[in-house]
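Below you'll find the structure, written out as structure tokens, and then a few comments.
The values are calculated or read from the model by the stated rules, or taken from the named source; none is laboratory data. Here the structure is a predicted model, which means the values were calculated and not measured. Note that we place each Cβ from the backbone using ideal geometry, even for glycine, and neighbour counts take in every protein chain shown.
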Amino acid sequence: MTLADFRRTLDSPAPPDGLSEPLRALWHDARGDWDRAHVIAQDIDDETGARIHAYLHRKEGDLSNAGYWYRRAGRATERGDLGEEWTDLVEELLRAG
């Protein structure tokens with residue numbers, strides 16, 4: 001699946017079958033369901049989950065919590081455009097398969 005393919009699925013009422021949990025979290029976030037995205041991210045207990053969790057808390061405006069999750073992900077705190085961060089996350093996850 002490409003980023004363009006992924007974006008096209010955002011018009012559907014449900015995420016496509018076979019999406020990984022990290023991609024499902026980002027799918028829900030893109031559809032405006034921050035809460036669902038957060039619930040999914042909380043259950044991903046690795047660096048990817050921490051990175052998505054960080055992004056979500058930065059989007060929410062909770063920068064101290066976001067900083068904690070960026071550190072858990074082993075990354076510097078993002079400061080750029082949230083849309084670009086979302087795109088980077090999705091592209092990385094799609095490449096990883």
Of the residues in region 9-20 that are surrounded by fewer than 16 Cβ atoms within 10 Å (Cβ to Cβ) and hydrophobic (A, V, I, L, M, F, W, C), the one that is nearest to ASP45 (Cα to Cα) is ALA14
Could you list all residues from region 54-67 that are outside any loop (DSSP other than H, G, I, E, B) and under 19 Å from ASP81 (Cβ atoms)?
-> ALA54, TYR55, LEU56, HIS57, ARG58, LYS59, GLU60, LEU63, ALA66, GLY67
If you check GLU78 against the conditions, is it surrounded by 13 or more Cβ atoms within 10 Å (Cβ to Cβ), assigned to a helix (DSSP H, G or I) and charged (D, E, K, R)?
-> no
For region 62-82, indicate whether the set of residues that are under 25 Å from THR9 (Cα atoms) and within 11 Å of the chain's Cα centre (by Cα) is non-empty.
-> yes
Could you list, in sequence order, all residues of region 1-20 that are aliphatic (A, V, I, L, M), in contact with a Ser or Thr (Cβ under 9 Å, 6 or more places away or on another chain) and not in a helix (DSSP H, G or I)?
-> MET1, LEU19
Selection from region 43-71 of residues touching a residue at least 24 places away in the same chain (Cβ under 8 Å), farther than 19 Å from SER20 by Cβ and surrounded by fewer than 16 Cβ atoms within 10 Å (Cβ to Cβ) yields GLU60
Residues in region 1-29 that are without any contact (Cβ under 8 Å) to a residue 40 or more places away in the chain and aromatic (Phe, Trp, Tyr): how many?
-> 1
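Table: residues versus (1) assigned to a loop (DSSP other than H, G, I, E, B); (2) surrounded by 13 or more Cβ atoms within 10 Å (Cβ to Cβ); (3) at pLDDT below 95.
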{"site": "PRO22", "(1), (2), (3)": "no, yes, no"}
{"site": "HIS28", "(1), (2), (3)": "no, yes, no"}
{"site": "ASP35", "(1), (2), (3)": "no, no, no"}
{"site": "ALA41", "(1), (2), (3)": "no, yes, no"}
{"site": "GLY74", "(1), (2), (3)": "yes, no, no"}
{"site": "GLU84", "(1), (2), (3)": "no, no, no"}
Residue set GLU78, GLU47; condition at pLDDT 95 or above, of a type in the set (D, E, K, R) and touching a helix residue (DSSP H, G or I) at 6+ places or on another chain (Cβ under 8 Å); output residue GLU47
